[in-house]
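A short write-up of the structure that comes next.
Each value in this text was obtained by applying a stated rule to the coordinates, not by laboratory testing. Everything numeric in this text was worked out from a predicted model, so none of it was measured. Cβ placement follows ideal geometry from the backbone for every residue including glycine, while neighbour counts extend to all protein chains displayed.
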Amino acid sequence: MKSVAPDFVSNFDQLPAPRPRVPESPAATRDADAVLRILERLPDTALCGLLDTTAGKVLFADAARADALIEAAQRSECAVEAVRLADDAFRIDPRTPASDQSVLIARALVKWRAGEEAAMRAWLLFLSAHSHADAGLWKMAAHQYCTAGALDPVFAWSVNDAAWMAATSADPGAHHGDFAVAMAVAACQARLWGNWSMLDTLAAAYARDGDFARAVPWQEMAVRLCRIQAPDDVANALTRLDSLRAGHAIVAGDAPVAACAAQLAALDSMARVLATPFDTGRDAMDVVAQVEDSGLFHRSCRPRRWSLDMFLDNFDDATAGRILARFADKRVEGAICYREIDAAGQPSGPAAAMFFGADLPLSEAQVAIDHEVRGPDGEILPPIGVYRRLRGAAAAPTSPSLH
């Protein structure tokens, strides 16, 4: 598979400002205006499900339905059906990638198991873009957002967050009204206009472009959907509405902190890892560990959550519950999972997990589940997955109960 990622370079100032691969702004704005006129006429009771309107289809986000679809995808024995269900689940999930409840991770794993690596790489590129934005490298961030969007068009959060950065960054150098509007419209189109957070981004983009006549009604619509899809976020959405009504563009988050040489090197290393298509024959956790070792991630998106979900997937529900309870210990930073492997190379039989952390030396790693993990001839079985590698750890911990 040929990578669609651009060449990654360390000198980010050499990168031209990216342009979105979406229709010209006038046409995109006409499409958006037509949708807004229809949405404004709908009562709140109609803001659900799939609507076929004169401006095109509108699909409203629904967390409960998304959860049901992703569960069906995980149960499906047909790879094609599983991928279709997972994509449908993600399209209607109102929760952001930073949410622990989002179906993002489950969808990427379903596609990975079906032999499709683009969804996982797009998500990791998305996180890498956040790290570049945090370091004030907004051009590189925008390139990676756009690349993630090209890799996985269903993952509309990549273009949404590119728009949000260009519209609301505390760094004026990141501002680009035309770019923000085009990317925000592209995200809304990908989600068929029914995700409150993406309408919120579109409002901010119009404000950055100086078009408050459009920004205010879009934010009003975002607030209406937010009350249905994410009630906990209504207060913040209303605050932004007040700012827009007062004629102020939205400025979000802390100012970027310029990257030091070591961080630049780590970010460049991460970008190069993500520029190469992944081998789906490898364990997905190994891929995540490789990327974790290559650089930094955006703090709110927590890739360790991905690692934890895959780690827990090796256990039954009761055991997974015990592991989660063990992770409540603030000293715990990582674990190694052991599981018996059958002749086909699949996990089977008893499992064991070992936990360690900053004040839990490897030599004193604590065993959470006490099972002997040996093969049929008494040989010691290797770990099949590692949750969050420790920096500087030369070898896995050992324990008499596992050997």
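Per 0.36 nm of contour for each residue apart, how much would the distance between Ala255 and Asp33 grow if the chain were fully extended, relative to their Cα-Cα spacing?
76.7 nm
Where does the charge balance sit around Ala66 when Lys and Arg score +1, Asp and Glu -1, over other residues with C-beta under 9 Å from its C-beta? Please report the intermediate quantities before stating the final value.
Values: positive: Arg65, Arg91, Arg95; negative: Asp62, Asp67, Asp88, Asp93.
Residues near Ala66 contribute -1 overall.
Per residue and in Å³, how big is the convex hull formed by the alpha-carbon atoms of the range 12-245?
121
Which stretch or stretches of the range 201-221 have amide N atoms under 18 Å from the point lying 7 Å from Asp242's Cα along the Cα→Cβ direction?
The answer is 204, 216-217, 219-221, whose backbone nitrogens lie closer than 18 Å to the label point.
Work out how much length Gln101 to Thr45 would gain on full extension: take 0.36 nm times their residue separation and subtract the Cα-Cα distance, in nm to one decimal. Mind dumping the intermediate values first?
Values: separation 56, 0.36 × 56 = 20.16 nm, distance 2.49 nm.
The span from Gln101 to Thr45 would gain 17.7 nm if fully extended.
Where does the charge balance sit around Leu238 when Lys and Arg score +1, Asp and Glu -1, over other residues with C-beta under 15 Å from its C-beta? Intermediate results must be reported in sequence, preceding the final value.
Details: positive: Arg224, Arg227, Arg240, Arg245; negative: Asp200, Glu220, Asp232, Asp233, Asp242.
Computed value for this residue: -1.
In whole Hz and in residue order, list the ³J(HN,Hα) couplings for the range 64-76 that follow from phi through the Karplus curve 6.51 cos²θ - 1.76 cosθ + 1.60, θ = phi - 60°; x for Gly and Pro.
Each residue's phi maps through the Karplus curve to give 4, 5, 4, 4, 5, 5, 5, 5, 5, 5, 5, 7, 5 Hz.
By counting other Cβ atoms within 10 Å of each Cβ, how are Arg121, Arg272, Arg41 ranked from fewest to most?
Listing Arg121, Arg272, Arg41 from fewest to most nearby Cβ atoms yields Arg41, Arg272, Arg121.
Order of 237-248, 166-177 by packing, highest average Cβ count within 10 Å first? Can you show the working numbers first?
Numbers: 237-248: 15.2, 166-177: 19.2.
Sorting 237-248, 166-177 by mean packing, highest first, produces 166-177, 237-248.
Give the distance, in whole Å, between the Cα centre of the range 245-265 and the Cα centre of the range 80-156.
So the two Cα centres are separated by 22 Å.
How do Arg224, Arg84 rank when sorted from fewest to most other Cβ atoms within 10 Å of their own Cβ?
Neighbour counts put them in this order, fewest first: Arg84, Arg224.
Can you sort Thr29, Thr201, Thr147, Thr45 from fewest to most other Cβ atoms within 10 Å of each residue's own Cβ? Intermediate results must be reported in sequence, preceding the final value.
Numbers: Thr29 18, Thr201 31, Thr147 26, Thr45 7.
In increasing order of surrounding Cβ atoms, one gets Thr45, Thr29, Thr147, Thr201.
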